[in-house]
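Peer 1: Pasting a structure below so you can have a look.
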Amino acid sequence: MDDVVIIGGSFAGLAAALQLGRARRKVTVLDTGLPRNRFAGHSHGLLGHDHKPPLDILAEARRQLTRYPTVNLVNARANSVSGGIDDFSVLTGNGESLGARRLILSYGITDQMPAVPGFAEGWGTSIVPCPYCDGFEVAGQHWGLVWSGLQSHNQVRLFHDWTDRLTVFADGHDIPPDIRADVARRNIPVVDGRITEIDRHGGHNPTLNLDTGPDVTVDILFAHPRNKPSAGLHESLGLATVDTPLGIALKADERRETSMPGIYAAGDLANPGMPSVTTASWQGAIAGISAQQSMLV
Ligand SMILES: Cc1cc2nc3c(=O)[nH]c(=O)nc-3n(C[C@H](O)[C@H](O)[C@H](O)COP(=O)(O)OP(=O)(O)OC[C@H]3O[C@@H](n4cnc5c(N)ncnc54)[C@H](O)[C@@H]3O)c2cc1C
């Protein structure tokens, strides 16, 4: 039996495995190799790893984990989970059944691409979600923002630190009059109508085709599609969740324990605040340490 099975071996899961391996705990990490930022050429904002391809950061982390003989990295999906604290059972896509005293869920979230031709193709290059991740490289240029709800108003205020050339695309949303007035006061144009297609020119400068009015080209487009957990294991376990503006997140306390004793959660799957590689790694480390300390005799 493992001390801990970690489901999802990206930034959060590997950070948990690192702490557990250093504490000489027996750990299996299950991973299917699809981190959320795999569409991006470079990852930004992680101290010591700024402007590196995200898959290179993860490959280096996996290489470093080979130092720890009690950590087993397995390329497999966790298909189902059952049991309770001190006696969990995880069934993998390889047909294996793993026993564990604790579980860490770090299987991330999946962005739901809207059915707009060109959107999925541009995701991570000409269409991005986060100014901290991708804003510096396009500072001062013409940005577009696809309105996704009231939280977009915060983005309008936030983006001002990077550019004063912003166009808002309502994309069928009814933007309340007071917010429209605030956006207008900032000299930011709002383009009404739905986005019907996004053309790219060599990966950048997306052109938005609208069902009303002429096409608009920007240098970079920010968008926040809805997302959902990348697996449904928390549902079968009945774990508590909280709503986020774009989906749900698992509820976890400050030690990253979920609503079920012995199950910890880390990373985008359980981060209703500001998901990033840094916060995922930090939460993963806390989850690993919390799981380890919960097993002290
Ligand atoms: C386009 C884009 C660009 C971004 N750029 C940046 C950036 O520059 N800087 C930054 O800090 N953040 C960036 N982010 C955010 C960053 O990608 C996430 O915050 C980070 O990946 C979260 O790490 P995680 O470990 O929680 O989840 P993920 O990295 O999404 O990893 C989850 C892992 O779980 C695996 N998995 C899923 N289901 C199962 C299962 N059933 N069994 C086993 N394994 C499973 C997946 O294959 C995946 O490897 C970006 C996001 C996007 C969408």
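Peer 1: Which condition breaks for Gly202 when tested against (1) in the same structural domain as Ala78 (by TED's automatic domain parsing); (2) modelled with pLDDT under 95?
Peer 2: Among (1) in the same structural domain as Ala78 (by TED's automatic domain parsing); (2) modelled with pLDDT under 95, Gly202 violates only (1).
Peer 1: Among the residues of segment 6-13, is there at least one that is surrounded by fewer than 24 Cβ atoms within 10 Å (Cβ to Cβ) and in the same structural domain as Asn75 (by TED's automatic domain parsing)?
Peer 2: No, segment 6-13 has no match at all.
Peer 1: Among the listed residues Ile104, Ile175, which satisfies the condition of being more than 19 Å from the chain's Cα centre (by Cα) and either assigned to a strand (DSSP E or B) or closer than 25 Å to Arg226 by Cβ (or both)?
Peer 2: Going through Ile104, Ile175 in turn, just one is more than 19 Å from the chain's Cα centre (by Cα) and either assigned to a strand (DSSP E or B) or closer than 25 Å to Arg226 by Cβ (or both): Ile175.
Peer 1: From the list Ile263, Ile248, which residue is at negative phi, outside the structural domain of Thr167 (by TED's automatic domain parsing) and either at pLDDT below 95 or under 15 Å from the mean Cα position of the chain (by Cα) (or both)? Walk me through it before giving the result.
Peer 2: Working: Ile263 fails: either at pLDDT below 95 or under 15 Å from the mean Cα position of the chain (by Cα) (or both).
The conditions single out Ile248.
Peer 1: Residues to consider are Thr163, Thr167; find the one that is assigned to a loop (DSSP other than H, G, I, E, B) and either crowded, with 21+ Cβ neighbours inside 10 Å or outside the structural domain of Ile286 (by TED's automatic domain parsing) (or both).
Peer 2: Going through Thr163, Thr167 in turn, just one is assigned to a loop (DSSP other than H, G, I, E, B) and either crowded, with 21+ Cβ neighbours inside 10 Å or outside the structural domain of Ile286 (by TED's automatic domain parsing) (or both): Thr163.
Peer 1: Which members of segment 220-251 meet the condition of being away from the ligand (no atom under 11 Å from the Cβ) and out of contact with any Leu (no Cβ under 9 Å at 6 or more places or on another chain)?
Peer 2: Answer for segment 220-251, where residues must be away from the ligand (no atom under 11 Å from the Cβ) and out of contact with any Leu (no Cβ under 9 Å at 6 or more places or on another chain): Ile220, Lys228, Glu235, Ser236, Gly238, Asp243, Thr244, Leu246, Gly247, Ile248.
The values are calculated or read from the model by the stated rules, or taken from the named source; none is laboratory data. Nothing here was measured: the structure is a model prediction, and the numbers come from that model. Ideal geometry is used to build each Cβ from the backbone, glycine not excepted, and the neighbour counts take in all protein chains shown.
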